[in-house]
């Protein structure tokens, strides 16, 4: 189970069925209505219409789609390494974005639909997928095609079936990890406007205050984890 693995989900509702049907123009064998990106240890980041970009657990997705899912891994990723670390950071960069309702539109910097989010994360990590297609033009059907052909990807569904079995036996540590990570990222986003207000006030003050403001901006821009909503990144 590695960061960057992609969960392909086949939903059962009318909306999911409609999404799959529409995508058959792109790939006749399309079967997935939703895709998500692994952050590791059974935690996934994804974008939905009601919550935007947020975290979820494999066990919750398994229940929601009645076990109709599979997972693929890019062949360039074979173990925990710089690439997986970069993918984690790249995916988390988009946390708390809105859901992009303009499916296959021109894209923007503040919202993402599910497959667009995955493609954006790979692009930010500088790993080319789907022939370098623009993220806003990438659909779940494109990943279905990759999962069926398995040229650039490997099917690792069995690995996730194993972690799902462990989750069912001992869910607490997984839930705690996901909730803690979500809380930390949500809190950082909530505090960002106040940080900027403080810095801007300092920038309008004395020479000493302006120097302190510069130091604060340098410190903030040097943070290892960066997010789309932050000014200093």
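Put simply, of 149, 179, 170 the only residue that is surrounded by fewer than 17 Cβ atoms within 10 Å (Cβ to Cβ) and under 21 Å from residue 67 (Cα atoms) is 170.
Looking at residue 195, is it within 20 Å of the chain's Cα centre (by Cα) and either surrounded by 11 or more Cβ atoms within 10 Å (Cβ to Cβ) or under 20 Å from residue 97 (Cβ atoms) (or both)? Answer is no for this residue. Against the list (1) assigned to a loop (DSSP other than H, G, I, E, B); (2) in the same structural domain as residue 138 (by TED's automatic domain parsing); (3) over 16 Å from residue 138 (Cα atoms); (4) at pLDDT below 95, the condition residue 26 fails is (3). Looking at 36, 12, which is the one that is within 30 Å of residue 189 (Cα to Cα) and either in the same structural domain as residue 140 (by TED's automatic domain parsing) or at pLDDT 90 or above (or both)? Sole residue among the options that is within 30 Å of residue 189 (Cα to Cα) and either in the same structural domain as residue 140 (by TED's automatic domain parsing) or at pLDDT 90 or above (or both): 36.
Filtering segment 130-150 to residues that are without any contact (Cβ under 8 Å) to a residue 40 or more places away in the chain and part of a helix (DSSP H, G or I) leaves 130, 131, 132, 135, 136, 137, 149. Taking the condition of being free of Cβ contacts under 8 Å to residues at least 12 places away in the same chain and under 16 Å from residue 54 (Cα atoms), how many residues in segment 98-129 meet it? Total meeting the criteria: 0. Of all residues in segment 189-228, those that are under 29 Å from residue 57 (Cα atoms), without any contact (Cβ under 8 Å) to a residue 40 or more places away in the chain and part of a helix (DSSP H, G or I) total 3. Among the residues of segment 39-50 satisfying the criterion of being surrounded by fewer than 20 Cβ atoms within 10 Å (Cβ to Cβ) and more than 18 Å from residue 177 (Cα to Cα), which is modelled with the highest pLDDT? My answer is 48.
Report yes if some residue within segment 51-68 is surrounded by 13 or more Cβ atoms within 10 Å (Cβ to Cβ), over 24 Å from residue 173 (Cα atoms) and touching a helix residue (DSSP H, G or I) at 6+ places or on another chain (Cβ under 8 Å); otherwise report no. No, because not a single residue in segment 51-68 is surrounded by 13 or more Cβ atoms within 10 Å (Cβ to Cβ), over 24 Å from residue 173 (Cα atoms) and touching a helix residue (DSSP H, G or I) at 6+ places or on another chain (Cβ under 8 Å).
The residues of segment 4-19 that are farther than 19 Å from residue 90 by Cα and either assigned to a strand (DSSP E or B) or in contact (Cβ under 8 Å) with a residue 24 or more places away in the chain (or both), listed by number, are 8, 9, 10, 11, 12, 19. Looking for something in contact with a strand residue (DSSP E or B) (Cβ under 8 Å, 6 or more places away or on another chain) and surrounded by fewer than 16 Cβ atoms within 10 Å (Cβ to Cβ) - is there at least one such residue anywhere in segment 184-192? Checking segment 184-192: not a single residue is in contact with a strand residue (DSSP E or B) (Cβ under 8 Å, 6 or more places away or on another chain) and surrounded by fewer than 16 Cβ atoms within 10 Å (Cβ to Cβ).
Within segment 61-77, the set of residues being free of Cβ contacts under 8 Å to residues at least 60 places away in the same chain and in contact with a strand residue (DSSP E or B) (Cβ under 9 Å, 6 or more places away or on another chain) comprises 61, 64, 65, 68.
The condition of being at pLDDT 90 or above, buried (at least 20 other Cβ atoms within 10 Å of the Cβ) and more than 20 Å from residue 136 (Cα to Cα) holds for residue 71. Taken as a whole, the condition of being modelled with pLDDT under 85 and in a helix (DSSP H, G or I) does not apply to residue 167. Entry remark, segment 117-145: residues being in contact with a strand residue (DSSP E or B) (Cβ under 9 Å, 6 or more places away or on another chain) and surrounded by fewer than 20 Cβ atoms within 10 Å (Cβ to Cβ) number 1 in total.
The values are calculated or read from the model by the stated rules, or taken from the named source; none is laboratory data. Nothing here was measured: the structure is a model prediction, and the numbers come from that model. Note: ideal-geometry Cβ built from the backbone for every residue, glycine included; neighbour counts use all protein chains shown.
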